[in-house]
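Below: one structure, written as structure tokens.
The values are calculated or read from the model by the stated rules, or taken from the named source; none is laboratory data. The shown structure was predicted, so the numbers you read here are calculated from the model rather than taken from an experiment. Don't worry about glycine lacking a Cβ; one is built from the backbone with ideal geometry, like all the others, and counts go over all protein chains shown.
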Amino acid sequence: MKRLLPSNVSPLMVGIILKTVNAVLEIVLGIALFFFVGAGRFIARLVAKELIEDPYDPTATFIQHLLQGVVIHTEMFVAAYLIIHGLIKLAVITGIITKTRWAYTPAIIVLFLLVIYELYRYAFVTHSVFLVIFMLFDLAFIWLITTDYVKLKKKEEKS
């Protein structure tokens, strides 16, 4: 079976790179959202105009569905969530890259708590597909971190 990655690139490293990019994007989007709180309402108005012209426009209908119920406090929550989530990820990634053993347990715990919160938000508040994607990505990263931690622990025990 042919390897998808070069032998010197582990799945954890790919996850770390993806998580780093994701964390930076979350922070940037969170900051941008703080500055553009009215952006959701502006887009909703544009979509409403499009739906008046063509009530069966699938793109406009999809966007309207996504924005349904968006209010300022929700946008502010999303902005704060993105910034905090991104900063936590960067701190965790730094600890894991440096193979700092103490960073693994908090990383797993924090990510697990975020998954529980994302699950709550999905089930009772938003039903957002994007939240499910974040949740699945966080679960996969928890698995990769746990696997790397077990390897690190065994390596230290052999030494």
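Quick grid of which residues meet (1) in contact with a Gly (Cβ under 9 Å, 6 or more places away or on another chain); (2) under 14 Å from Tyr81 (Cα atoms); (3) surrounded by fewer than 17 Cβ atoms within 10 Å (Cβ to Cβ):
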| residue | (1), (2), (3) |
| --- | --- |
| Val115 | no, yes, no |
| Ser128 | no, no, yes |
| Asp138 | no, no, no |
| Thr147 | no, no, yes |
| Lys154 | no, no, yes |
| Ser159 | no, no, yes |
Matching residues, the range 122-157, being over 19 Å from Leu12 (Cα atoms) and either at pLDDT below 85 or among the aliphatic types (A, V, I, L, M) (or both): Ala123, Val125, Thr126, His127, Ser128, Val129, Phe130, Leu131, Val132
Any chance Ile88 is in contact with an Asp or Glu (Cβ under 8 Å, 6 or more places away or on another chain), modelled with pLDDT under 85, assigned to a helix (DSSP H, G or I) and surrounded by 14 or more Cβ atoms within 10 Å (Cβ to Cβ): no
The range 91-111 - residue that is touching a Ser or Thr at 6+ places or on another chain (Cβ under 9 Å) and without any contact (Cβ under 8 Å) to a residue 40 or more places away in the chain and, of those, surrounded by the most Cβ atoms within 10 Å (Cβ to Cβ): Ala103
Selected residue (only one of Leu114, Leu139 is in a helix (DSSP H, G or I), closer than 22 Å to Thr74 by Cβ and in contact with a helix residue (DSSP H, G or I) (Cβ under 9 Å, 6 or more places away or on another chain)): Leu114
Criterion (closer than 29 Å to Phe35 by Cβ, at pLDDT below 85 and exposed (fewer than 13 other Cβ atoms within 10 Å of the Cβ)) met by exactly one of Val71, Val78: Val71
